[in-house]
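The block underneath contains the structure these notes are about, expressed in C-alpha cells.
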Amino acid sequence: MSEIVIRESRFPKNVSNEHKEVILAADYPVLRTLEKEKLIEAIAVIYNKAKTLTGQTKESPEIFEEAVKVLVDYIQSGKYGNLTTKQHEISITKGAMGEYGEFHGINAKTIHTWITSFYKAQMKFRKIQSEYNQKRRLEEQQEETSKYFKENAETLMLSRLRDEYERLAKNPDHLIWDYNGSFYFYLLSKEKINEPHERLEHFQDLAMRKMKEGFRHDLTTANSIMRTTIKGWLSNFDETMQGKPVMNARYQQITNEFILRDYLSGCIELGLEFEEVIE
C-alpha cells in the first residue's frame with residue numbers, strides 16, 4: 001500500500017511527527033480483514049523486522065512458526081480489534097527499540113506485549129486528535145451554515161417578512177421585529193417606502209414616545225444615580241440624543257419600524273397578497 005498522504009490541516013498545530021504517524025496509522029488496512037495467506041505474510045515480514053532490529057536472527061523455525069500462528073489466531077479472533085498493518089509495524093518497531101520496556105527474546109508473548117503497549121501509548125494522541133476533530137467539524141458546520149444563510153439571505157428574509165405580514169393581518173396589535181432593519185431597507189430598495197417619508201415627523205414623534213416609555217420603565221429598577229441620569233434624558237429628549245450614536249441608532253430603528261408597520265397595515269387594508277406587497 002502506498003504511504004498515506006499527510007495533510008497538515010488534518011492535525012492540530014505543533015503536534016509531533018509521532019502524533020501524526022500514530023493517527024495516520026489507523027488509515028491503513030485492518031489486519032483481521034486480510035485473507036489468511038496475506039495475513040501470515042504480513043505478520044512474518046514484521047516479525048522478521050523485529051528480529052533484525054534486535055539482532056536476534058538465530059531462532060528455530062518452530063518458534064517462528066508458532067509465534068506467527070498464535071498472532072494470526074489472535075488477530076482473526078478480533079482480540080486486537082481493528083489493528084492495522086501500520087499500527088502493527090509501529091508497535092513492533094518501538095518495542096524492538098526498547099520503548100515498551102525490557103524483553104527476553106522475540107516471541108508471541110513479547111509481540112503481544114508490544115501491541116498492547118502501543119494501544120495504551122497511542123491513547124494520548126487519539127484524545128488530542130479527537131478533540132481537534134470535533135472542533136473542526138463544528139467549525140465546518142458553522143461555515144456551511146453561514147454560507148447557506150449568505151447564499152439564501154434574501155429568500156430567508158422574505159420568508160420571515162411573509163410570516164410577519166400574515167401575523168399582522170390576523171392581529172393588528174402584532175409587534176413587528178425588524179432585525180437590522182432588513183425588512184425596511186428591502187422595501188426601501190423596491191421603492192415601496194419613500195425616503196424621506198411624507199409622514200416622517202409623525203413617526204419620529206411616535207419613536208420618541210416609545211423611547212421615553214422605555215426610559216420610564218427603566219426608572220423602576222434603576223439605582224439612585226441612574227435615576228437622576230434617566231430623568232435628565234426624559235426632560236430634554238433632543239439634547240439626550242446629541243453625541244449618543246447608540247441611542248440615535250435605536251431611535252432611527254424604531255422610527256423605521258413604525259414606517260414599516262404603517263406600510264404593511266395599509267397593504268392589509270387593501271387586501272393585497274404578500275407577492276403584491278414586495279413586488
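Miscellaneous remarks
- Test result for GLN87, closer than 16 Å to ALA26 by Cβ and in contact with a helix residue (DSSP H, G or I) (Cβ under 8 Å, 6 or more places away or on another chain): yes
- Taking the range 220-279 as the range and being without any contact (Cβ under 8 Å) to a residue 24 or more places away in the chain, under 24 Å from ASN180 (Cβ atoms) and loosely packed, with under 12 Cβ neighbours inside 10 Å as the test, the residues that pass are GLY243, PRO245, VAL246, ALA249, GLY266, GLU275.
Listed here are the residues, each with its yes/no results for (1) surrounded by 19 or more Cβ atoms within 10 Å (Cβ to Cβ); (2) touching a residue at least 12 places away in the same chain (Cβ under 8 Å); (3) not small (Gly, Ala, Ser).
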{"site": "GLU66", "(1), (2), (3)": "no, yes, yes"}
{"site": "LYS86", "(1), (2), (3)": "yes, yes, yes"}
{"site": "GLY95", "(1), (2), (3)": "yes, yes, no"}
{"site": "GLN122", "(1), (2), (3)": "yes, yes, yes"}
{"site": "GLN129", "(1), (2), (3)": "yes, yes, yes"}
{"site": "GLU139", "(1), (2), (3)": "no, no, yes"}
{"site": "GLU143", "(1), (2), (3)": "no, no, yes"}
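- When the helices (runs of 4 or more DSSP H) confined to the range 166-279 are screened for residues that are touching a Leu at 6+ places or on another chain (Cβ under 8 Å) and closer than 24 Å to GLU154 by Cα, those reaching at least 2 such residues are found at 182-189, 245-269, 274-278.
- Among residues of the range 17-32, those that are over 25 Å from the mean Cα position of the chain (by Cα) and either assigned to a loop (DSSP other than H, G, I, E, B) or free of Cβ contacts under 8 Å to residues at least 40 places away in the same chain (or both), counted: 3
- Residues satisfying the stated conditions in the range 154-181, i.e. more than 31 Å from the chain's Cα centre (by Cα) and among the acidic types (Asp, Glu): GLU166, ASP173
Results for (1) more than 23 Å from ASP173 (Cα to Cα); (2) more than 40 Å from the chain's Cα centre (by Cα); (3) at pLDDT 95 or above; (4) among the β-branched types (Val, Ile, Thr), shown as yes or no for each residue.
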| site | (1), (2), (3), (4) |
| --- | --- |
| ARG209 | no, yes, no, no |
| GLU213 | no, yes, no, no |
| THR221 | yes, no, no, yes |
| ILE225 | yes, yes, no, yes |
| THR228 | yes, yes, no, yes |
| LEU234 | yes, yes, no, no |
| ASP238 | yes, yes, no, no |
| ASN248 | yes, no, no, no |
| GLN253 | no, no, no, no |
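The values are calculated or read from the model by the stated rules, or taken from the named source; none is laboratory data. All values derive from a computational prediction rather than experimental measurement. Quick reminder, even Gly has a Cβ in these numbers, built from the backbone with ideal geometry, and neighbours come from all protein chains shown.
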